[in-house]
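The structure under discussion appears below in the form of structure tokens.
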Amino acid sequence: MLSVGGSIVLERMIRNCLSCGISQFVLVLGHRSDEIREFVNKTFRGIRVTYVLNDRYHDNNDCHSLMLASDAVGIAEFIKFDANMVFETRFLRTLLDTQLPNVLCVNYGAALTRSDRKVVVDEQMRVVEIGKSVTSKTARGKLIGIEKISAVTGPLLFSELKQMKKGTAGANLHCGAAYEQLIKQDVPFHTLDTKGSDWTRIDTIEDFEAANAMFGSPVSTVSRDQQRAFDEAAEETSDPT
């Protein structure tokens, strides 16, 4: 709900998705859930949004939130976004245009730390290893928090997440750990290099300041034709016949 370049982070994310043809959304809510729901309902009339409540957000990582979205997502292909990502439309279009089924967005050549979920790839850019324990010498980069998951892989991923949650360390696991388990089962994952696109992840005050410097203007608004289509869709949904 922070404003970056004159637009709320979530608003910028949804508008970018809409401009790329994505029209169905699943929002997993926790902190200030009522405020976020009200904002989305008022700002975006007519789009299809399913809200999922994670009432244990304060003691679980993103692994738990994604697992809770399984029923809402079903067997559809989906793009998973961490909520603190700010990116330009061109970046999302590139991800959607790739024909590869499972794609992890990776910051190649970034300075790596122990806490980063680092990625090792082969000559075909297929991921062979993910994890915090991966050495910086072998890693090509780190996950940024945006991934495309195919309709085939989705159910496998959700099943893996549920199995992970049964373990004693489940509350502290991130989605990268589930991707790593699927890779060990020979499920193919490839990477998309973030180079050449504007994006940032907001974890600190410094990140927030950098985001405002990178994105200096509000995201473009939905056109009148798009808004009319959304309004018509909303009327059809509310029509009891």
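Which ones in segment 1-15 are of a type in the set (S, T, N, Q) and in contact with a strand residue (DSSP E or B) (Cβ under 7 Å, 6 or more places away or on another chain)?
None - no residue of segment 1-15 is of a type in the set (S, T, N, Q) and in contact with a strand residue (DSSP E or B) (Cβ under 7 Å, 6 or more places away or on another chain), so the list stays empty.
When only residues in segment 79-106 that are farther than 19 Å from LEU161 by Cα and among the aromatic types (Phe, Trp, Tyr) count, which is surrounded by the fewest Cβ atoms within 10 Å (Cβ to Cβ)?
Among those that are farther than 19 Å from LEU161 by Cα and among the aromatic types (Phe, Trp, Tyr), it is PHE91.
Out of segment 41-53, which residues are at pLDDT 95 or above and either open to solvent by less than 30 Å² (accessible area, probe 1.4 Å) or closer than 18 Å to GLU147 by Cβ (or both)?
VAL52
Is it the case, given these coordinates, that SER70 is over 27 Å from PHE208 (Cβ atoms), modelled with pLDDT of 95 or more and open to solvent by less than 30 Å² (accessible area, probe 1.4 Å)?
Yes; evaluated as a whole, the condition is true for this residue.
Determine whether segment 192-202 contains at least one residue that is surrounded by 15 or more Cβ atoms within 10 Å (Cβ to Cβ), modelled with pLDDT under 95, of a type in the set (S, T, N, Q) and assigned to a strand (DSSP E or B).
yes
Scan (1) surrounded by 16 or more Cβ atoms within 10 Å (Cβ to Cβ); (2) under 15 Å from the mean Cα position of the chain (by Cα) for the single condition ILE130 breaks and write down its number.
(2)
(1) surrounded by 15 or more Cβ atoms within 10 Å (Cβ to Cβ); (2) not in a helix (DSSP H, G or I): which one isn't true of ALA76, the others all being true?
Here ALA76 clears every test but (1).
Looking at segment 13-40, which of its residues are open to solvent by 50 Å² or more (accessible area, probe 1.4 Å), in a loop (DSSP other than H, G, I, E, B) and closer than 15 Å to LEU92 by Cβ?
Passing the criteria: GLY21, SER23.
Taking GLY5 as meeting all but one of (1) more than 16 Å from the chain's Cα centre (by Cα); (2) at pLDDT 95 or above, write down the number of the exception.
(2)
From the set of residues in segment 133-155 that are within 19 Å of LYS195 (Cα to Cα) and among the basic types (Lys, Arg), which is most open to solvent (accessible area, probe 1.4 Å)?
So, considering only residues that are within 19 Å of LYS195 (Cα to Cα) and among the basic types (Lys, Arg), the one most open to solvent (accessible area, probe 1.4 Å) is ARG140.
The values are calculated or read from the model by the stated rules, or taken from the named source; none is laboratory data. Everything numeric in this text was worked out from a predicted model, so none of it was measured. As a convention, Cβ positions derive from the backbone with ideal geometry for all residues, glycine included, and neighbour counts pool all protein chains shown. All accessible areas refer to the heavy atoms of the entire protein, side chains included, with ligands and DNA or RNA removed. Shrake-Rupley method; radii C 1.70, N 1.55, O 1.52, S 1.80 Å.
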